[in-house]
Amino acid sequence: GMHAALEASAAYVPVDLASPAPRAALIIDSAEPRAVLAAGPARGLLDALADEGSLDRVRLLSVDPGWSGGERFAADFGPADWAGLDDDPVEGEEGTERLAHILFTSGSTGVPKGVQITHAMATAFVDWAVDHFGLAPCERISGHPPLHFDLSTFDIYATLKAGAELHLVPAAANMLPNALADFIRDRALDQWFSVPSTLAFMVRSGVVERGDFPSLKRVLFCGEAMPTSVLAEWMRRVPQARYTNLYGPTETTIASSHYDVPATPDEETEPLPIGVPCPGEELLVRDEEGRPLPPGEIGEICIAGAGLSPGYWRDEERTAAAFIPDSRGGAGRVYRTGDLGWVREDGMFMYAGRSDSQIKHRGYRIELGEVEVALDALGELRERAVAAVETEGFEATAICCAYVPARAELPPARLRAALVRSLPPYMLPTRWLSVDALPKNANGKIDRRALREKFELELPNAK
């Protein structure tokens with residue numbers, strides 16, 4: 001289906017089947033697709049989307065020979081119609097600047113943002129990566145990230161470009177470290193690519209033995225900061241593999257910098273570099289006025305170059321705020337990542353955390369403001385605040401919620417159950433605290449630092 005859309009000069013929008021219907025409806029209503037392509041497992045979400053009215057103006061296409069959506073979801077086109085098609089190539093528009101897909105990410109206002117990805121943006125990274133990592137025909141490559149996560153773009157198209165095999169990891173295996181380790185062994189994978197929290201989950205669960213995964217040549221990770229201690233343990237247990245840290249937001253396509261780890265780190269408390277820019281990319285460290293900072297000084301990481309998105313789908317205001325003119329002049333633009341970092345004297349870039357309320361959790365980029373908006377919509381709370389706390393556990397970053405109930409007692413279990421209807425599982429707080437009042441600062445605003453410190457004291461594995 002994805003290839004058919006690209007062949008027809010169309011763009012596709014992957015939708016997470018685990019996403020609550022109201023959030024999926026926001027994505028479909030924003031994208032305004034001409035068609036929705038679905039298979040059997042999507043029937044539950046389709047049913048809920050129909051109730052939301054989001055399928056009233058679209059055609060339903062099916063690739064499932066066993067489709068039985070009932071009268072309500074009788075597909076306008078399905079496998080039975082294929083026989084009537086000819087073999088003539090589709091005549092589509094040419095040009096690498098065409099839109100290839102739109103990936104919706106978390107938005108601070110509660111409305112997901114649609115990041116536009118062009119053919120040129122994706123192929124620039126894929127072409128470099130296939131050569132840099134040496135992907136070869138018939139190699140066995142993992143497909144771990146879901147299709148709505150931009151890391152999957154590399155897995156899919158780099159594998160096909162190299163003539164290799166793509167091995168999709170079952171979603172059910174993600175919460176079972178033994179299943180993930182067995183998958184790598186049973187498939188004799190040559191390459192594994194995932195977010196660092198998955199690698200931490202496996203090694204801290206004790207499922208990675210010394211000398212394990214003898215076929216593994218490469219271990220790549222991206223999407224959040226990799227704990228150096230986790231990397232060191234992987235390198236000791238699977239020493240033959242090559243390890244690479246990749247960095248970059250969705251707005252700059254998969255990754256903008258890379259760091260090939262030369263040896264097992266000696267200092268496990270030292271942060272891992274995010275490396276040097278990929279060819280055609282440029283990383284800049286700027287102060288609050290957009291001026292370049294010298295090596296050693298922390299500022300906001302901005303990115304320019306081949307991976308830069310045209311902006312957010314039908315959202316000029318957000319696009320103008322995030323994609324700004326390059327202060328060096330000319331017609332160029334840079335993307336303000338909101339990430340803090342600095343440059344070492346040797347030219348290596350280092351990551352120093354977030355400058356706003358956006359976090360990385362299980363590899364997903366999450367605006368804490370979107371979680372707060374969903375909490376507000378429940379109408380059950382007088383006050384609420386969501387904080388992120390770094391931990392040594394599998395989560396890496398724990399989403400914590402403190403709240404003041406509007407009426408009587410409100411147990412966290414009931415609040416969480418209500419929130420499930422509006423947020424996907426990875427955005428749900430994992431720590432809850434019911435209080436009489438939230439801490440305030442001198443300006444009467446919620447003191448988020450004090451709140452975060454309170455959670456840090458209560459979490460046994462907080463950093």
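The values are calculated or read from the model by the stated rules, or taken from the named source; none is laboratory data. The structure presented is a predicted model; accordingly, all values stated were derived computationally and were not measured. Neighbour counts are summed over all protein chains in view; Cβ atoms, including those assigned to glycine, are modelled from backbone coordinates with ideal geometry. Heads up: the accessible areas ignore ligands, DNA and RNA and are worked out on the full protein's heavy atoms, side chains in. Shrake-Rupley method; radii C 1.70, N 1.55, O 1.52, S 1.80 Å.
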Among the residues of region 331-355, how many are crowded, with 21+ Cβ neighbours inside 10 Å and polar (S, T, N, Q)?
1
Which residue pairs have Cβ atoms under 8 Å apart, sit 6 or more places apart or on different chains, and have a first residue in region 35-55 that is within 17 Å of GLY1 (Cβ to Cβ) and among the charged types (D, E, K, R) and a second that is assigned to a helix (DSSP H, G or I) and at pLDDT below 90?
ARG43/PHE73
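Quick one: in region 74-122, of everything that is of a type in the set (Ser, Thr, Tyr) and within 27 Å of ARG421 (Cα to Cα), which residue is surrounded by the fewest Cβ atoms within 10 Å (Cβ to Cβ)?
So the first thing to find is which residues in region 74-122 are of a type in the set (Ser, Thr, Tyr), and the list is 96, 105-106, 108-109, 118.
Still in the list and also within 27 Å of ARG421 (Cα to Cα): 105-106, 108-109.
Values: THR105: 21, SER106: 24, SER108: 17, THR109: 11.
Residue satisfying both the conditions and the ranking: THR109.
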Applying the selection to region 133-173, what residues are assigned to a helix (DSSP H, G or I), open to solvent by less than 50 Å² (accessible area, probe 1.4 Å) and either without any contact (Cβ under 8 Å) to a residue 12 or more places away in the chain or not acidic (Asp, Glu) (or both)?
PHE133, LEU151, SER152, THR153, PHE154, ILE156, TYR157, ALA158, THR159, ALA162, ALA173
Quick one: would you say ASP376 is within 24 Å of LEU293 (Cβ to Cβ), surrounded by fewer than 17 Cβ atoms within 10 Å (Cβ to Cβ), free of Cβ contacts under 8 Å to residues at least 12 places away in the same chain and out of contact with any His (no Cβ under 8 Å at 6 or more places or on another chain)?
no
ASP315 under 18 Å from GLY299 (Cα atoms) and not aromatic (Phe, Trp, Tyr)
no
Name the single residue, out of those in region 416-458 being of a type in the set (Gly, Ala, Ser), in contact (Cβ under 8 Å) with a residue 40 or more places away in the chain and in a loop (DSSP other than H, G, I, E, B), that is surrounded by the most Cβ atoms within 10 Å (Cβ to Cβ).
SER422
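If you go through region 396-414, how many residues are within 30 Å of MET202 (Cβ to Cβ) and either open to solvent by 10 Å² or more (accessible area, probe 1.4 Å) or out of contact with any strand residue (DSSP E or B) (no Cβ under 7 Å at 6 or more places or on another chain) (or both)?
Selection size over region 396-414: 4.
Results for (1) farther than 15 Å from LEU340 by Cβ; (2) open to solvent by less than 30 Å² (accessible area, probe 1.4 Å); (3) in contact (Cβ under 8 Å) with a residue 12 or more places away in the chain, shown as yes or no for each residue.
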residue	(1), (2), (3)
PRO265	yes, yes, yes
LEU272	yes, yes, yes
VAL285	no, yes, yes
ARG291	yes, no, yes
SER309	yes, yes, yes
TYR312	yes, yes, yes
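For region 1-116, list the strands (runs of 3 or more DSSP E) that sit wholly inside it and hold at least 2 residues that are of a type outside the set (A, V, I, L, M); which are they? Step through it out loud before you land on a result.
Details: elements: 35-38, 59-62, 99-105.
By residue number, 59-62, 99-105.
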